[in-house]
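Participant: After the structure tokens below, expect a handful of questions from me.
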Amino acid sequence: METDRLGQHVFQLEKVRTQEIILRYLKTPMNIADIGGATGAYSFWLHDMGHRVHLLDAAEFHIETATKISITENKPLASISMGDARQLPYDDEQFDLVLLFGPLYHLQEKEDRVKSIAEAKRVLKKGGVLLAATITRYASLFDGFWQGFIDDPAFENILKQDLEDGNHSNPVNHPMYFTDAHFHTQEEIEDEFTTVGFTKFDTIAIEGFGWLAPNFMKRWNDEESRNKMLDYIRQTENDPVMVGISAHVMTIAMKSG
């Protein structure tokens, strides 16, 4: 489950870095849409800071879980609903901030990804910010050698397809080989956001080199060592090389006023 995932191993780095990037764009209080927000890991965190958060996800199980968390932990979000990132149930120019963490790498067709970006732009207020996460084209390449998956011919076939067109599939249903997804190049990100009409956007590395650091958990569990890693990730987050290395990439797009 997504909530559990972000509390485990190297995914903790993804969560901490994503939170600190979000924090750069927060003013209180804000109207926020968390599109593809799974079970609400970021929605409830933002709610606790006093923001009005609308959580939307395409998976019924995620919505049921988020609703249960909302009730049992007394964290009433503005709304929790099932829906499609390509056709949002919100009014135009409703949100100060839109999070699009998931749809851009779960939608394999470019047309669908462009629709989801266009919808996020539609519901953003003028001057509002879209934060959109993608997975790097080279995720399977790094993961394959880092985790030893490359020694499995089935994984190598998956990797070859990923490098060819970015459309990742898992025909062998191996639990560690991820689900159907799209892995972006930096050029694709630029093309998709430009197609939608965004003229002001930046891409930065979320994990940067950090997810590939040897003995990650030992380093992460030591506060001084963890802070040193985070500091160097921040210093290098804008470097296109680090954006290509990072497992996840954040695109920050502002809607022109």
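The values are calculated or read from the model by the stated rules, or taken from the named source; none is laboratory data. Bear in mind that the values here come from a model prediction, so they are computed numbers and not experimental data. Here the Cβ positions follow ideal geometry from the backbone for every residue, glycine too, while neighbour counts run over all protein chains shown. Heavy atoms of the whole protein, side chains included, go into the accessibility calculation; ligands, DNA and RNA do not. Shrake-Rupley method; radii C 1.70, N 1.55, O 1.52, S 1.80 Å.
Participant: Let me test this: with uniform point scatterers at the alpha carbons of the stretch 109-155, what is the Debye-based log₁₀ I(q)/I(0) at q = 0.25 1/Å?
Facilitator: Taking Cα atoms of the stretch 109-155 as identical point scatterers yields -0.89.
Participant: Follow-up. Please compute the Kirkwood hydrodynamic radius over the stretch 127-257, one decimal place, Å, based on all pairs of different Cα atoms.
Facilitator: 16.0
Participant: Listed here are the pairs 110/255; 75/115; 115/160; 15/218; 200/228; which of them are more than 29 Å apart at the Cα?
Facilitator: 75/115; 200/228
Participant: Just read off the accessible area of residue 82 with the full protein assembly in place, 1.4 Å probe, to the nearest 10 Å².
Facilitator: Ignoring ligands and nucleic acids, residue 82 comes out at about 100 Å².
Participant: Given 37 °C and 0.692 mPa s, compute D for the chain with the Stokes-Einstein relation, Rh being the Kirkwood radius over Cα pairs; round to the nearest whole µm²/s.
Facilitator: The estimated diffusion coefficient comes to 175 µm²/s.
Participant: Where in the chain lies the longest segment free of trypsin sites (Lys or Arg not before Pro) that are both loop residues by DSSP (not H, G, I, E, B) and have at most 11 other Cβ atoms within 10 Å?
Facilitator: Result, exposed sites excluded: 28-257.
Participant: Have a look at the DSSP beta bridges in the chain and tell me what percent are antiparallel, nearest 5.
Facilitator: Roughly 45 percent of the beta bridges in the chain run antiparallel, per DSSP.
Participant: Lys and Arg at +1, Asp and Glu at -1: add these up for the other residues within a Cβ distance under 12 Å of residue 107 and post the number.
Facilitator: -3
Participant: Can you compute the helix-only [θ] at 222 nm over the chain? Use -39500 (n - 2.57) per DSSP H run of at least 4 residues, normalise by all residues, nearest 500 deg cm²/dmol.
Facilitator: Per the formula, -13000 deg cm²/dmol.
Participant: Probe of 1.4 angstrom, ligands and nucleic acids ignored: what's the accessible area per residue over the stretch 1-150, in square angstrom?
Facilitator: 44
Participant: Ordering 250, 217 by accessible area with a probe of 1.4 Å, largest first, what comes out?
Facilitator: Ranked from most to least accessible, the order is 217, 250.
Participant: Under unit Cβ charges (Lys, Arg +1; Asp, Glu -1), what dipole magnitude, rounded to 20 debye, does the chain have relative to its Cα centre?
Facilitator: For this selection, approximately 880 debye.
Participant: Could you sort 34, 202 by their accessible area in this structure, using a 1.4 Å probe and putting the largest first?
Facilitator: 202, 34
Participant: Oh, and also: Give the carbon-plus-sulfur fraction of the accessible surface of the stretch 109-159 in %, rounded to a whole number; probe 1.4 Å, heavy atoms of protein chains only.
Facilitator: Carbon-and-sulfur percentage of accessible area, whole number: 51.
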